[in-house]
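Some notes on the structure that comes next.
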Amino acid sequence: MSIQLLLDALEVQQDAAQALADDLRAQIAELHNRLQEAETHLEHLAITRKTVTNLADRIPDRTSSPDLPEHPDYPRIVAVFNEATGPLRARDVCEALDHEPLPKDIERTRAKLKRLVRLDILTEADTGSFIRRR
């Protein structure tokens, strides 16, 4: 076998290997670009998550009725009425909230119940007897 034939076969293999290497470099460059785009998208998503989380921390929790006054007893009072099967009196609500059934506490609770009636959250079924408005 002549050296020329051997060199020609070697050149064919070298050309094929060079073409494969060039193709792989092009694929690597394309994958590198796609990876950069994906990483940029991930960064944007992380920034968006952080922004939304920060904003959500500033928005007041409105899981209870949006018309409730700010005092912490009001959501608890509404929860008591949501669980009730019938009308409740101020004394019953006091006890459900673990307040002492002293006259001053009962009167404070009655005032809160009357306020909830004015806000159309409760209804006074009978004098001193309240139910949840449906």
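All of (1) without any contact (Cβ under 8 Å) to a residue 40 or more places away in the chain; (2) closer than 30 Å to residue 125 by Cα; (3) assigned to a helix (DSSP H, G or I) hold for residue 112 with one exception: (1).
On the stretch given as region 69-83, residues that are open to solvent by 30 Å² or more (accessible area, probe 1.4 Å) and not in a helix (DSSP H, G or I) total 3.
Residues in region 92-108: is at least one under 18 Å from residue 133 (Cβ atoms), under 37 Å from the mean Cα position of the chain (by Cα), basic (Lys, Arg) and surrounded by 11 or more Cβ atoms within 10 Å (Cβ to Cβ)? No: zero hits. Filtering region 115-134 to residues that are out of contact with any helix residue (DSSP H, G or I) (no Cβ under 6 Å at 6 or more places or on another chain) and either free of Cβ contacts under 8 Å to residues at least 40 places away in the same chain or open to solvent by 70 Å² or more (accessible area, probe 1.4 Å) (or both) leaves 115, 117, 118, 120, 123, 125, 126, 127, 128, 133, 134.
What residue, among those in region 40-68 that are out of contact with any helix residue (DSSP H, G or I) (no Cβ under 8 Å at 6 or more places or on another chain) and aliphatic (A, V, I, L, M), is modelled with the lowest pLDDT? In this case the residue turns out to be 59.
The values are calculated or read from the model by the stated rules, or taken from the named source; none is laboratory data. What you see is a predicted model, and the numbers here were worked out from it, not measured in a lab. Cβ coordinates were reconstructed from backbone atoms using ideal geometry, including for glycine residues, and neighbour counts include every protein chain displayed. The accessibility values were calculated without ligands, DNA or RNA, using every heavy atom of the protein model including side chains. Shrake-Rupley method; radii C 1.70, N 1.55, O 1.52, S 1.80 Å.
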